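The values are calculated or read from the model by the stated rules, or taken from the named source; none is laboratory data. Note that the coordinates shown come from a computational prediction; the quantities given were computed from them, not determined experimentally. Here the Cβ positions follow ideal geometry from the backbone for every residue, glycine too, while neighbour counts run over all protein chains shown. Surface areas here come from the heavy atoms of the whole protein model, side chains and all, with no ligands, DNA or RNA. Shrake-Rupley method; radii C 1.70, N 1.55, O 1.52, S 1.80 Å.
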Amino acid sequence: MADPSSYRPKPGQIPDSPGVYKFRDEHRRVIYVGKAKNLRQRVANYFQDLANLHPRTRTMVTTAASVEWTVVSTEVEALQLEYSWIKEFDPRFNVKYRDDKSYPYLAVTLNEEFPRVQVMRGAKKKGVRYFGPYGHAWAIRETVDLMLRVFPVRTCSAGVFKNAARTGRPCLLGYIGKCSAPCVGRVTPEEHRELAEDFCDFMAGRTGTYIRRLEKDMMQAAEEMEYERAARLRDDAEALKRAMEKSAVVLADATDADLIAVAEDELEAALQIFHVRGGRVRGQRGWVTDKVEAVDTSGLVEHALQQLYGEERGDAVPKEVLVPALPEDTEAVSQWLAERRGSQVSLRIPQRGDKKDLMATVQRNAQQALGLHKTKRASDLTTRSRALEEIAEALGLDTAPLRIECYDVSHLQGDDVVASMVVFEDGLARKSEYRRFQIKGFEGQDDVRSMHEVIGRRFKRYLQEKERTGEWEEQPPDAAAPAAGPAATGPVPAVGPTAEDGEPREDDGRPKRFAYPPQLVVVDGGQPQVAAAKRALDELGIDDIAVCGLAKRLEEVWLPDDDDPVVLPRSSEGLYLLQRVRDEAHRFAITYQRAKRAKGIRTSPLDDVSGLGETRKQALIKHFGSVKKLRQATIDEICEVPGIGRRTAESVAAALASTAPAAPAVNTATGEIIEEDDGGSS
């Protein structure tokens, strides 16, 4: 591990101009590339006290052995040079997006004498026009098949083309009118290239012109009584419309835009890009990256823009790029995009309307992609086994923790405090064993006391189950051996009724709630929560269950009585499993907390009126307009509501009189008192 002070540049040696810098390790390999408006300020930040640096930055500067820089004249040049160096050196501490699959593109080889339409994957080639990417190759082929009626461009390979030219006979597509057969000279190279360019224009979103032209020609042919030609033109127009319908309109103003969304956690980030052309989604792709450098959402977006458009020119860069967060130097990035496009590019965050709604859809796709990426490993038995072994090794357990329980506390500013318990067995969620807790021992917000209460209640129930059923009880030495099988040599479990799957049951047949102890208890939190959980187990005399905590900030694993955390490798399968367990506990807790809060919000003083159903409650609120006005009404006025008799009216009046009206709500922005206008709260 290198000491950063050993290669720190001298004061004043670094220029205060825009530029790009490289950190190299002891073998002269580039391990990090960055850019800055002011090189002196940015590079100096890396040489402060190591304790103040982000852990990933600290790892980078202690791995490096030297730093060098290159001065440029503008921030746009710095952006371009940074991208070039990242591509050239592939630094290990820079964020690098990788496709989660090899997406197919619809490609038109305009660099050939007779351009060809085909499906392409992999690196883009110079002189080839690309459209997409698409989710599936068959979707491209279906679209092309429809469009060849109108744009009969060559789709055959070079070998087929040469063979047809040699024999003077076109392929089947040439005979059925889905190829203009340039191989046998039916069209000139210039005419075929014009067809290919029209095909590209249509795919780029300029669709209305061609459809209107076909419809005009169809009407003219019908007037001239060329009905067969008119029918062909009609079918051509319908084919183009069907090709367009394969991508629904998402933006009514026929916008050309790319929408980028990011989903991230402490270790990884998933990116989703929707390519919208002519208001329709023409392609989609997804990237996943390890967060190997200290980077926020705006930094992830900037890296994505560099990788997405670094090799693109012209129309491949859209007029509008919508992002969830703007890069740190928005002006320089926008100018860089504009230079690549050749015209102005709008880089912004959508605030309202269809674009904001579509961005929410892209964001959901990113969240699902991240979740899918993180759970792919969980479905593999070998991977799960390795994860459990890594956890056992890191925590010093004698055996792999086949049953893991995780606990999390959730509340809203100290109200509606609840907790969750989730169970993973053999690395997979056992949802039938999940449990929820309401905190009863105290009022207010105290995560440590809440964790102590929950752990204590859960394992107190476990001990009660053991005592009630006699499970794992020591048998007398002279106890009779079972009628069949080997003699018992140790503790003999005395289990109660069981189901067909062997799961212990209560006397009434229901599954036992806390029958099984875990090998590992995981709590969501750091040292205080771990200490509280351990103290609860000690108070119950339980010393054979391991405890650890997973802190969200740096994904550190804390053990009881240890001053330093256990740091699992970023790519560790064990860490992935602990994260999944922790995230599932958090999801389960917050879902319960929200449901509990919503139930409390929906309560009404009318709920206490015996015999008053939901229909008549709604009738009362609809008639009077609010609970406040209903409270002010007389019994005779209440009786005027259809379906409300005098006895019910008296019960309603009594119930409302016994409940004091709530304090008026106040608009904190204006100071205005908000009148109560519905019966859903009190």
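So here's what we get for this one:
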quantity	calculated
Some residue of the range 475-484 being part of a loop (DSSP other than H, G, I, E, B), surrounded by 13 or more Cβ atoms within 10 Å (Cβ to Cβ), at positive phi and at pLDDT below 85	no
Top-ranked residue of the range 160-174 - restricted to ones that are assigned to a helix (DSSP H, G or I) and of a type outside the set (A, V, I, L, M, F, W, C), ranked as farthest from residue 315 (Cα to Cα)	167
Complete set of residues in the range 529-553 that are open to solvent by 50 Å² or more (accessible area, probe 1.4 Å) and in a loop (DSSP other than H, G, I, E, B)	540, 541, 543, 544, 552, 553
In the range 557-587, the residues that are in contact with a helix residue (DSSP H, G or I) (Cβ under 9 Å, 6 or more places away or on another chain) and under 15 Å from residue 529 (Cα atoms)	557, 558, 559, 560, 561, 562, 563, 565
Total residues in the range 380-391, condition of a type outside the set (Lys, Arg) and surrounded by fewer than 19 Cβ atoms within 10 Å (Cβ to Cβ)	6
Of residues in the range 144-174 being charged (D, E, K, R), open to solvent by 30 Å² or more (accessible area, probe 1.4 Å) and more than 23 Å from residue 217 (Cα to Cα), the one nearest to the chain's Cα centre (by Cα)	162
Top-ranked residue in the range 175-204 [being part of a helix (DSSP H, G or I) and open to solvent by 60 Å² or more (accessible area, probe 1.4 Å); ranked as farthest from residue 127 (Cα to Cα)]	175
Filter pass, residue 416 being in a strand (DSSP E or B) and modelled with pLDDT under 85	yes
Cross-chain or 6+ apart pairs with Cβ under 9 Å, the range 149-178 first and touching a residue at least 40 places away in the same chain (Cβ under 8 Å), then assigned to a helix (DSSP H, G or I) and of a type in the set (Val, Ile, Thr)	153/144
Index of the failed condition, residue 642 passing every other in (1) open to solvent by less than 60 Å² (accessible area, probe 1.4 Å); (2) at pLDDT 75 or above; (3) in contact with a helix residue (DSSP H, G or I) (Cβ under 7 Å, 6 or more places away or on another chain); (4) not basic (Lys, Arg)	(1)
Qualifying position, being in contact with a strand residue (DSSP E or B) (Cβ under 9 Å, 6 or more places away or on another chain), of a type in the set (D, E, K, R), modelled with pLDDT of 85 or more and under 30 Å from residue 545 (Cβ atoms), among 403, 364, 348, 384	403
Yes/no for residue 524 being at pLDDT below 85 and of a type outside the set (Gly, Ala, Ser)	no
Selection status of residue 595, among the small types (Gly, Ala, Ser) and either within 19 Å of residue 533 (Cα to Cα) or at pLDDT 80 or above (or both)	no
So residue 455, is it part of a helix (DSSP H, G or I) and modelled with pLDDT of 50 or more	yes
Output for the range 598-607, where each listed residue is modelled with pLDDT of 70 or more and surrounded by fewer than 17 Cβ atoms within 10 Å (Cβ to Cβ)	607
Failed item, numbered, when residue 442 is tested on (1) open to solvent by less than 50 Å² (accessible area, probe 1.4 Å); (2) of a type in the set (A, V, I, L, M, F, W, C); (3) at pLDDT 85 or above	(3)
